[in-house]
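First comes the structure, then the notes that go with it.
The values are calculated or read from the model by the stated rules, or taken from the named source; none is laboratory data. It should be emphasised that the depicted structure is a prediction, and the values quoted were computed from it without experimental measurement. Glycine gets a Cβ as well: all are built from the backbone with ideal geometry, and neighbour counts include every protein chain shown.
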Amino acid sequence: MPQTPHPPPLPPTSAQPPQATPPAAPRLCTVTPNPAIDRTAAVHGLTPGAVHRVLWEQDDAGGKGVNVASFLATWGLTVTATGLMGRDNADVLRALFAERGIDDRFVLVPGRTRTNIKLVDETRGDASVTDLNFPGFSVSDPDLERLASTLTALSAEHTWFVLAGSLPPGAPADTYRRLVALLRAAGRRTVLDTSGAPLAAALAPDAGALPDVIKPNEHELSELLGHPIAGPDAALAAARTLHRRGVGTVIVSMGARGAVFSEGSAACLAVPPQVAVRSTVGAGDAMVAGYLVATLRGLPLADRARLATAFSLGTLTTLGPRLPPTAEVEARAAEVHVSPLTSEEHGGSAQSGSADRTGSADMTGSAGREEP
């Protein structure tokens, strides 16, 4: 399809950057059924079979929902984290939550929370990380019932819920579908960030109450819809399909090519500037957190896309699920290129200002690198 001339980038709607911290209400809660303890260690030259001296190490509470909670807390928001946590090593996660000021409402289950070992080779400049992922706990129906009861109680004091990550062994594929239905019945708004069978079950035509927001990458969206999704045209067409099913906002991350944000008849493409990438771990989770911050500010879609992309961009320059200082994230937001998108069903083929830009940051794990 020939490329049509693209419109200029959309400028920020406000001459002054918005305040770093939105109003305290509404309260936010993340739900992580399968959290992790991420232990990162750096070595000088990673060689199989050799003995290595660790240069530095750090521990982080991990799992997609936990990462979102960490980013929101770093930004200064009051956030609650719930999900399922292994009783045998609960102290590790709880200490990390306390350090970040996250309200811990996790449900304890028998066994250990999984541990992910991340080995960073300091001699390489390509942000390469070698992962060793250990198995964790399995869950039973009573465990899931306790989680549902916890969410029912939390729905009385929270407005937004982010349900994110993989499901632990023993949890049926429709777990997120049932939890979303529970929260939507309570009048709460939901963001779902998962993949594979849990995403398919939550978005099935007969699913009933669907999440308000989803954030798949191209690979996950291709798997969901059963055909290749590559580039903003295909991503926008797929988003429109999901709108017709009942999903309000669809965010499709495409790595270095940015992300498509679609809501109702409005859509845009946000493309980041080039940065030196240290790690892509948590970049997609940061995008979810940034989108929520922008939503609480009442920003229009283009500015939500800009700040969400800046959050994701910020994590690329750090190791582990961490944001740089607020001022740096706000400055990055001004550098994000945002352009409107249109689709054939709304008056033409998709067109954007940055679909073919090169040299941009590889942001959101579009090839499946994002952590479960």
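Points to keep in mind about this one:
- Verdict on ALA286 being closer than 18 Å to SER195 by Cβ and either in contact with a helix residue (DSSP H, G or I) (Cβ under 7 Å, 6 or more places away or on another chain) or among the aromatic types (Phe, Trp, Tyr) (or both): yes
- Selection count, segment 296-327, where residues are farther than 30 Å from TRP56 by Cβ and not in a helix (DSSP H, G or I): 4
- Residue within segment 359-370 that is in the same structural domain as HIS219 (by TED's automatic domain parsing), modelled with pLDDT of 55 or more and hydroxyl-bearing (Ser, Thr, Tyr) present: no
- If the condition is being touching a residue at least 24 places away in the same chain (Cβ under 8 Å) and more than 11 Å from LYS118 (Cα to Cα), then segment 39-48 contributes HIS44, GLY45, LEU46.
- Hits in segment 149-193 (condition: β-branched (Val, Ile, Thr), more than 18 Å from the chain's Cα centre (by Cα) and closer than 18 Å to ASN34 by Cβ): THR150, THR175
- Selection status of ALA153, free of Cβ contacts under 8 Å to residues at least 12 places away in the same chain, of a type outside the set (Asp, Glu), over 22 Å from ARG114 (Cβ atoms) and not assigned by TED's automatic domain parsing to the domain that holds ARG297: yes
- Of all the numbered requirements in (1) loosely packed, with under 14 Cβ neighbours inside 10 Å; (2) more than 22 Å from the chain's Cα centre (by Cα); (3) touching a residue at least 24 places away in the same chain (Cβ under 8 Å), ARG146 misses one, and that requirement is (1).
- Every test in (1) within 23 Å of LYS64 (Cβ to Cβ); (2) modelled with pLDDT under 95 is passed by PRO228 save one, and that test is (1).
- Subset of segment 89-105 (residues that are touching a Lys or Arg at 6+ places or on another chain (Cβ under 8 Å) and modelled with pLDDT of 95 or more): ASP104
- Criterion (part of a loop (DSSP other than H, G, I, E, B), farther than 21 Å from SER222 by Cβ, in contact (Cβ under 8 Å) with a residue 24 or more places away in the chain and touching a helix residue (DSSP H, G or I) at 6+ places or on another chain (Cβ under 7 Å)) met by exactly one of VAL293, VAL281, VAL275: VAL275
- From LEU108, LEU46, LEU119, residue being over 30 Å from ALA310 (Cβ atoms), part of a strand (DSSP E or B) and not polar (S, T, N, Q): LEU108
- Selection count, segment 104-131, where residues are surrounded by 15 or more Cβ atoms within 10 Å (Cβ to Cβ), charged (D, E, K, R) and over 19 Å from ASP59 (Cα atoms): 1
- Among residues of segment 49-91, those that are of a type outside the set (A, V, I, L, M, F, W, C), touching a residue at least 24 places away in the same chain (Cβ under 8 Å) and assigned to a helix (DSSP H, G or I), counted: 8
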